[in-house]
Amino acid sequence: MSTADRQEACRRAFKRVAETRDDTERLRLVKKALALFTDGVEPPELLLDSYIQEVQAVLVDPSLSIRLIVIEFLTDICFLSKKTIRYSVASFGANLLTDDMAMLKGLIRAFVRLYPTIFRCIIDQQPDLSHEEFWTVMSQVKGIILSYTNDDDQEIQILVFKFIEVIIMCQSLRSEGAHADYLVHLNDITPDHKVLKHDQLHDEGKYCLSSILDQIALPHISYQCLIVALGSAMSIARIRNEHVKPVIDCLEMLYINLPPTLSAEQVKSTRKELKMHLLRLLKLPAGLAHQNRIEIMLTALGASNSEIQRALYEAKEQVYTKRQKQSGSRESRKRPATGTEYEAEVKKSALEADDDEPASSSDRTDADQLRCIADHHSRAELMVLWFTELYTQYLG
């Protein structure tokens, strides 16, 4: 199908959507229209340029099924063509202040998926994006989503925790030899980047970490939110080792003072989760710097000595292998020793790695701005700020 034929078919489909009253038929027509954006050889943004208003109109359709289909489409299309990101961010951001909780969940879920890609585009200074204005809009989006951290809807809270996790992963330093790596990290930002400031983003990431740790420490946090927040914090510690210490500080308080609102079964399940996460952390070289603290918690949580020693062995083996590679030794790989001399050397190596974190700048402009947006602006004020910025820069 030629571009002209696709444009005509898209025009007819959107026209029928507006004229049809049956929700089932309208949903079918919307799916058909959206499929035309990705069926051709041409990049999808060429067709999206012509029909962005129609797509945005469908995004506020009375039918929830249609709105969720459009959110999913605008999210998926960003991975096919980075040039469509500005359309998706503008369309989603304009609807973040909705009172429809199902719609809000879909939008936050979309930003959880998109944030690493958005961050990567800004780092790489992707063509066809007005970087400074686009990042300003994205910062406002972050502030709006973070304002839902204490929302009464538990599912909203859980999605916000996942969004915070993604922010911290992206806005932290890469950890050499960590359990896994992430799509993007602060090490990718050059000192002379025109838009992104390394130290400010680092401080913002730390602020986000403190917000999720504060949620874990709340005495009235629900069991479901606690498990999700705990999982996010431990994932951050395993992948971004610079955050191991504050996470362990939080866990020490948690295992002593579990929320009193938990039932006996939930307390048992939470202790089991804590034990599992701590054993995983102890298997990493970064955990050796906090070995004594982790061992005390594990023992209190019922871990056997053999479980602890197996976890320690894996961590020491990783450190040993890394040191062998760094020394350039060509000898056969030896199994790590278990003597006190070697253990002291391993701990020293882990502590040195833990101390490699660079000093942060005293300039906390972005973090302060985010904190202000999340804590002090009412949603009505955010709406005025958002729409003024959005439509003058992108949709005007």
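The values are calculated or read from the model by the stated rules, or taken from the named source; none is laboratory data. As the structure is a prediction and not an experimental result, all values here were calculated from the model. With ideal geometry, Cβ positions are generated from the backbone for all residues, glycine too; neighbour counts draw on all protein chains shown. Surface accessibility is based on the protein's heavy atoms, side chains included, excluding ligands, DNA and RNA. Shrake-Rupley method; radii C 1.70, N 1.55, O 1.52, S 1.80 Å.
For region 120-129, the criterion of a residue being without any contact (Cβ under 8 Å) to a residue 40 or more places away in the chain, open to solvent by less than 40 Å² (accessible area, probe 1.4 Å) and touching a Lys or Arg at 6+ places or on another chain (Cβ under 9 Å) is satisfied by at least one position. May I ask you to verify whether Arg86 is open to solvent by 30 Å² or more (accessible area, probe 1.4 Å), farther than 13 Å from Val30 by Cβ, modelled with pLDDT of 85 or more and not hydrophobic (A, V, I, L, M, F, W, C)? Taking the combined requirement at face value, the residue does not satisfy it.
With respect to Met138, is the statement that it is closer than 30 Å to Lys322 by Cα, assigned to a helix (DSSP H, G or I) and open to solvent by less than 10 Å² (accessible area, probe 1.4 Å) true? Judged against the criteria, Met138 is not a match. Filtering Phe37, Phe79 for residues that are under 27 Å from Arg120 (Cβ atoms), touching a helix residue (DSSP H, G or I) at 6+ places or on another chain (Cβ under 6 Å), of a type in the set (Phe, Trp, Tyr) and not in a loop (DSSP other than H, G, I, E, B) leaves a single hit, Phe37.
The residues of region 238-274 that are open to solvent by less than 40 Å² (accessible area, probe 1.4 Å) and touching a residue at least 60 places away in the same chain (Cβ under 8 Å), listed by number, are Arg238, Ile239, Arg240, Asn241, Glu242, His243, Val244. Checked against (1) within 12 Å of Val244 (Cα to Cα); (2) at pLDDT 90 or above, Ile308 passes all but condition (1). Just one of the numbered conditions (1) assigned to a loop (DSSP other than H, G, I, E, B); (2) more than 30 Å from Ala315 (Cα to Cα); (3) of a type outside the set (Ser, Thr, Tyr) is not true of Leu173: (2). Evaluation of Ile69 against the conditions (1) modelled with pLDDT of 85 or more; (2) outside any helix (DSSP H, G or I) shows that the sole unmet condition is (2). Just a yes or no: is a residue in region 190-205 farther than 23 Å from Asp249 by Cα, open to solvent by 50 Å² or more (accessible area, probe 1.4 Å) and polar (S, T, N, Q)? Yes, because at least one residue in region 190-205 is farther than 23 Å from Asp249 by Cα, open to solvent by 50 Å² or more (accessible area, probe 1.4 Å) and polar (S, T, N, Q). For Ser232, the test of being surrounded by 16 or more Cβ atoms within 10 Å (Cβ to Cβ), in contact with a Lys or Arg (Cβ under 7 Å, 6 or more places away or on another chain) and in contact (Cβ under 8 Å) with a residue 40 or more places away in the chain is passed. Which one is farthest from Arg310 (Cα to Cα) among residues in region 245-293 that are at pLDDT 90 or above and in contact with a Gly (Cβ under 7 Å, 6 or more places away or on another chain)? Checking each candidate, the answer is Lys275.
Just wondering, is there one or more residues in region 75-82 that are of a type in the set (Gly, Ala, Ser) and under 26 Å from the mean Cα position of the chain (by Cα)? Scanning region 75-82 turns up at least one residue that is of a type in the set (Gly, Ala, Ser) and under 26 Å from the mean Cα position of the chain (by Cα).
Summed over region 286-300, residues that are open to solvent by 20 Å² or more (accessible area, probe 1.4 Å) and either farther than 18 Å from Ala237 by Cα or outside any helix (DSSP H, G or I) (or both) total 4. Would you be able to say whether some residue in region 96-108 is surrounded by 21 or more Cβ atoms within 10 Å (Cβ to Cβ) and outside any helix (DSSP H, G or I)? Yes - at least one qualifying residue is present in region 96-108.
If you take the residues of region 209-220 that are without any contact (Cβ under 8 Å) to a residue 60 or more places away in the chain and buried (at least 20 other Cβ atoms within 10 Å of the Cβ), which of them is farthest from Ser269 (Cα to Cα)?
Leu209
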